[in-house]
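To start, the structure itself, in structure tokens.
The values are calculated or read from the model by the stated rules, or taken from the named source; none is laboratory data. Not measured: the values here are computed from a predicted model. As a convention, Cβ positions derive from the backbone with ideal geometry for all residues, glycine included, and neighbour counts pool all protein chains shown. These area figures cover heavy atoms from the full protein model, side chains too; ligands, DNA and RNA do not enter into them. Shrake-Rupley method; radii C 1.70, N 1.55, O 1.52, S 1.80 Å.
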Amino acid sequence: MKQFTNGYIGNRVLKLNIGFLLSAGPGNSHETAFDVPAIRVADDVDLAYMRGPLRLSRTKEGILVQGTLHLGVETECYRCLDPMLRDVVVELEELYAYPIPKESEFSLSDDGILDLAPLLRAEVLIEDARGALCRPDCKGLCPECGANWNTTTCTCAEDHVDPRLAGLKHLLDG
């Protein structure tokens, strides 16, 4: 596997030659397993690792991809923005249509190459949209100065008064 200077392996390992399975006809299957270190799936999706088994089954509609993959998703806490690594378990069950129909999201061309990158990218983006916390009691960032309340304190909250409540604060202080 070729490793680039950025430390990631190219997404070529996600392109599986399944021509033998296409020519074998419906009812045949092939099992494979991934144990890949840092990989760039797409320009906007990097994984720290990808592990797990896949089963490729030939059906009359194409190739059915089934499996459970553990993906190391590099993301950031949605409260404090600290970088973090999440183990995301993705259950795959997707049909790669063959020959190419008009309404299929994933399909195979005549060259017999099955590209898992678009499927993995979609799964990771869906999972990442939910957001993640670095820990359950993450305090987040100060909205005024940006200090990380998990590691430091600030006096912004004490000094800041909502302008709509300034009159009430004046009465309470007076």
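Structure notes:
- Label-to-label distance, Tyr8 versus Ala24, with points set 7 angstrom from Cα along the beta-carbon direction: 3.2 nm.
- Think of a 1.4 Å ball rolled over the protein heavy atoms: the chain then has 62 Å² of accessible area per residue.
- For region 165-172, backbone phi angles converted through the Karplus equation (6.51, -1.76, 1.60; θ = phi - 60°) give residue-by-residue couplings of 10, 4, x, 5, 5, 4, 5, 6 Hz, Gly and Pro being listed as x.
- Sorting 110-123, 129-142 by their mean Cβ neighbour count within 10 Å, with the most densely packed peptide first, gives 110-123, 129-142.
- Projected label points at Leu165 and Asp43, each 7 Å from Cα along the beta carbon direction, are separated by 4.5 nanometres.
- Computed over region 1-130: relative contact order in percent, which uses C-alpha pairs under 8 Å that are six or more apart: 22
- Antiparallel bridges, percent of DSSP beta bridges restricted to the chain (to nearest 5): 95
- Chymotrypsin sites (Phe, Trp or Tyr not before Pro) lying in DSSP loop within region 1-79, provided at most 12 other Cβ fall within 10 Å: Phe4
- FRET efficiency estimate (nearest 0.05) - Cβ-Cβ, Leu85 to Lys60, R0 41 angstrom: 0.50
- Lys pairs, the chain - Cα-Cα below 28 angstrom, 8 or more residues apart or on other chains: 5
- Potential lengthening of the chain between Cys145 and Asp111 amounts to 6.7 nm, from the contour at 0.36 nm per residue minus the alpha-carbon distance.
- Estimated dipole of the chain in Debye, rounded to 20 [Cβ of Lys and Arg +1, of Asp and Glu -1, Cα centre]: 360
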